[in-house]
Amino acid sequence: MNEAIRGLRAVRHFRADPVSIPVVERIVDTARWTGSARNRQPWRFVAVTDPAALGELSRLGGYAVHLAAAPLVLVLASRDNGFADTEFDMGRLTQSLCLAAAEQGLGSCPTTLYPTENVSRAAELLELAPGWLPRHAIALGYPDPLPTGAPNAIPSGRLSVGELLTWK
């Protein structure tokens, strides 16, 4: 597991190859075992492959533009249940989904849909039942190398344990 976590990278460039239904179902089947507070499992998933819908989703957050070029976007909807720990549970679920996708040979890149108007627009677009909020999405696909000359403005590496951990 250490190597799976250490090797996981955000992938924003994908080959055009579709992601098969059985692969998506295996990813969701693995991730559904993620723990949640009081085992509420406050999540549902919508797999999106329609290019028009992907284009619309890509305009629903400051860092969502890469969703338009993904062969599949898995939208995560959380239950509007008033519990403060739901967002923590969604973060745990997102990491599980990304690790399960990597195990299937897929690249992934999570994003947040915001502000609230964009969450409402995504719920409408995906025809979600009332009370389900699509605040998160994960682009999925078979990785394609970074295009030649494309800027990579994100710093790499990690802070050391000494910089992150304090003992009292």
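The values are calculated or read from the model by the stated rules, or taken from the named source; none is laboratory data. Only a predicted model underlies this, so the values are computations on that prediction, with no experimental measurement involved. Please note: Cβ atoms are built from the backbone with ideal geometry, for glycine as well, and neighbour counts cover all protein chains shown. The area values use the complete protein model at the heavy-atom level, side chains included, leaving out ligands, DNA and RNA. Shrake-Rupley method; radii C 1.70, N 1.55, O 1.52, S 1.80 Å.
Structure notes:
- Only protein heavy atoms count here; on that basis, with a 1.4 Å probe, S108 has an accessible area of about 10 Å².
- Whole-percent carbon and sulfur share, accessible surface of the chain, 1.4 Å: 56
- Probe 1.4 Å - accessible area at F83, Å² to nearest ten: 100
- A cut-off of 5 Å between modelled amide H atoms, ignoring neighbours fewer than 5 places along the same chain, links F83 with no other residue.
- Unit Cα scatterers, Debye sum, the chain: log10 I(q)/I(0) for q = 0.09, 0.19, 0.21 Å⁻¹: -0.32, -1.32, -1.50
- Cα shape, region 45-127, gyration tensor, a/c 1.5 rule: oblate
- Label positions at A84 and S20, each projected 7 Å from the Cα along the C-beta direction, are separated by 4.6 nm.
- Helical runs (DSSP H, four residues minimum) scored at -39500 (n - 2.57) apiece and divided by the length of the chain put the mean residue ellipticity at 222 nm at -9500 deg cm²/dmol.
- When its C-alpha radius of gyration is set against 2.2 N^0.38 Å (N residues), region 1-83 gives a value of 1.25.
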